[in-house]
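Written out below as structure tokens is the structure these notes cover.
The values are calculated or read from the model by the stated rules, or taken from the named source; none is laboratory data. Treat the numbers as computed from the prediction; the structure is a model and nothing was measured. Don't worry about glycine lacking a Cβ; one is built from the backbone with ideal geometry, like all the others, and counts go over all protein chains shown.
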Amino acid sequence: LIPVHEGGDLEILRTEDLPYKYIGSLGIGSNGCVEMVEDVITGRVFAQKIFRRYRGPNPAKFKQGVRNEINILRRLSPHHHIIRLFATYSCGRDFGMILTPVADCGDLGSYLQAILDSRNQLSTEQQVILTRAFGCLTSGLAFIHKQTIRHKDIKPHNILIHQGYIIYTDFGIALDASQSDITTTTGTAEAFTRRYCAPEIAKKHSRNRKSDVFSLGCVFIEILAVL
């Protein structure tokens, strides 16, 4: 087995050489899946985001998209309300990211839905977590924007809860404007979630960091509805 150290960017011949034991699924998306894994050497538990083998006509563009997410996470990882990139690896056309922490309370969307489904009064712990979320999310987004990055897909299912704190995750379609310092874009958005997207995105108008703020406002409304 090949030991994986923090900050590592490995090129390997076989994924079987990685020291990770599968524990369970954390989610499945259009481009891959996220699994909970244990490093059998250190005993630490991570989230492993695996990008499915690309078989389309433009592998270079796909690889650039993966690298874009990796570079963004490396810049944002120091913030405690943003998922931390521990290491990355590539194996042929397969790519993987090792992320931490694994959220002990899952994502905010599932957390809110579970509260609504239970029809019980909020516990003190739930009240504290949801009340704290406003400051956590505002602080995290301010840091993201300070780095001239737009998340572009802020929604409850892309927000994690771990040890009572809130963490942004899934920067798969995020925009890094560090080279130009211009975050305004035009045309049809490559992907968005209509329930949380700003009107200018749905109408294919120009948009910028304010669109993230609108999406965050939608998340705040859903939290307030539960509180």
Count - residues of region 150-179 that are aliphatic (A, V, I, L, M) and modelled with pLDDT under 95: 4
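Quick one: is residue 135 touching a helix residue (DSSP H, G or I) at 6+ places or on another chain (Cβ under 7 Å) and of a type in the set (Gly, Ala, Ser)?
no
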Screening 62, 95 for residues that are touching a helix residue (DSSP H, G or I) at 6+ places or on another chain (Cβ under 7 Å) and not in a loop (DSSP other than H, G, I, E, B) leaves only 95
Answer residue from region 180-197, given it is at pLDDT below 85 and under 19 Å from residue 109 (Cβ atoms) and is surrounded by the fewest Cβ atoms within 10 Å (Cβ to Cβ) among those: 194
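Assigned to a strand (DSSP E or B) and crowded, with 21+ Cβ neighbours inside 10 Å: which single residue out of 154, 129, 167, 144 fits that description? First the steps, then the outcome.
Numbers: 154 fails: assigned to a strand (DSSP E or B); 129 fails: assigned to a strand (DSSP E or B); 144 fails: assigned to a strand (DSSP E or B).
Result of the check over 154, 129, 167, 144: 167.
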Under 7 Å between Cβ atoms, which residue pairs at least 6 apart in sequence (or on different chains) link something in region 194-209 that is farther than 20 Å from residue 140 by Cβ and small (Gly, Ala, Ser) with a partner that is at pLDDT 75 or above and in a loop (DSSP other than H, G, I, E, B)? 202/194
